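The values are calculated or read from the model by the stated rules, or taken from the named source; none is laboratory data. Because the structure is a prediction, the values reported are computed rather than measured. Quick reminder, even Gly has a Cβ in these numbers, built from the backbone with ideal geometry, and neighbours come from all protein chains shown. Accessible surface is based on the protein model in full, side chains and every heavy atom, while ligands, DNA and RNA are left aside. Shrake-Rupley method; radii C 1.70, N 1.55, O 1.52, S 1.80 Å.
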Amino acid sequence: MAVAMAACSLGLHLSADNTFRAFEKTTVFKSSSAADATKLCYITHKTRLSSSGITIIPRASTVTGTVEDGNQGETDTIPTPIVIIDQDSDPDATVVEITFGDRLGALLDTMNALKNLGLNVVKANVFLDSSGKHNKFSITKADSGRKVEDPELLEAIRLTILNNMIQYHPESSAQLALGAAFGLVAPTEQVDVEIATHITISDDGPDRSLLYVETADRPGLLVDLVKIITDINIAVESGEFDTEGLLAKAKFHVNYKNKALIKPLQQVLVNSLRYFLRRPSTEESSF
């Protein structure tokens, strides 16, 4: 189930007319909900392959508290928003799972936003457990019917979901990295990258290794991680990228010439990732 990932970058821009643009063409979509009058974003193709390629421009606005088909408790403890992009569990589709306690509804606006990225939601289901209500989608590309392999489009999916969550559940912005850019409530705590960053590599059979990265989230992180890995000629087969509040957790199945990474190459990869992740993050002026 090899998934070839090419490195690229993504831009996310906030504007005032409630439209999205994805990659080379302009895609416009609107929702009938009241919150759409005050929140929007553009997704535009960038040629630079770095986190500075993700640009989020905030606009002053007022959110009326509209909830996307869900329940919003005013006095309850705010749950941790979680978005999982899973490339492993289904060989034919990209699986996306979204959790925000029990506050999410059917997410019809989110599914429409994904369709406007050129995607089809081929299956959707909801299940409950002790952590809350889980909305799970299986997504394919509309033009080919195949799962999403492009890291730029995967990052577009992630940012679109997070943007919609902030739009319809503004209380979530206090627990998301994107909340500092255009949420009504910025995160009250700052993640120390030095403390939060953990990188491990282990063998996953004779033909590949498993890379695990945990660090502070920021726009464009998925694309940048793939670029760092592929820049040293390591292939990314598949993986999973989780956004858990202010943290990002990624698992990638990787190989070098169809073999598991030897120890010296593992160390090179770890050093490259640590150097990149511990540099100062995207400056506020670039949002």
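The share of accessible area on the stretch 143-287 that comes from carbon and sulfur is 50 percent, using a 1.4 angstrom probe. Is there a pair in Lys147/Lys263; Lys115/Lys249; Lys136/Lys227; Lys227/Lys257; Lys133/Lys251 whose C-alpha atoms are over 21 Å apart, and which pairs would that be? With Cα atoms farther than 21 Å apart: Lys147/Lys263; Lys115/Lys249; Lys136/Lys227; Lys133/Lys251.
How much net charge surrounds Ser138 when only the other residues with a Cβ under 11 Å from the Cβ of Ser138 are counted, with Lys and Arg +1 and Asp and Glu -1? Taking every Cβ under 11 Å from that of Ser138, the sum is -1.
Rounded, prolate or oblate: which fits the stretch 107-178, taking a ≥ b ≥ c as square roots of the Cα gyration tensor eigenvalues, rounded meaning a/c under 1.5, else prolate when a/b beats b/c? Oblate, since a/c reaches 1.5 and b/c is not below a/b. The equivalent ellipsoid that matches the C-alpha gyration tensor of the stretch 176-287 spans semi-axes of 29, 13, 12 angstrom, in descending order.
Normalised per residue, the accessible area of the stretch 145-231 is 33 Å², obtained with a 1.4 Å probe and no contribution from ligands, DNA or RNA.
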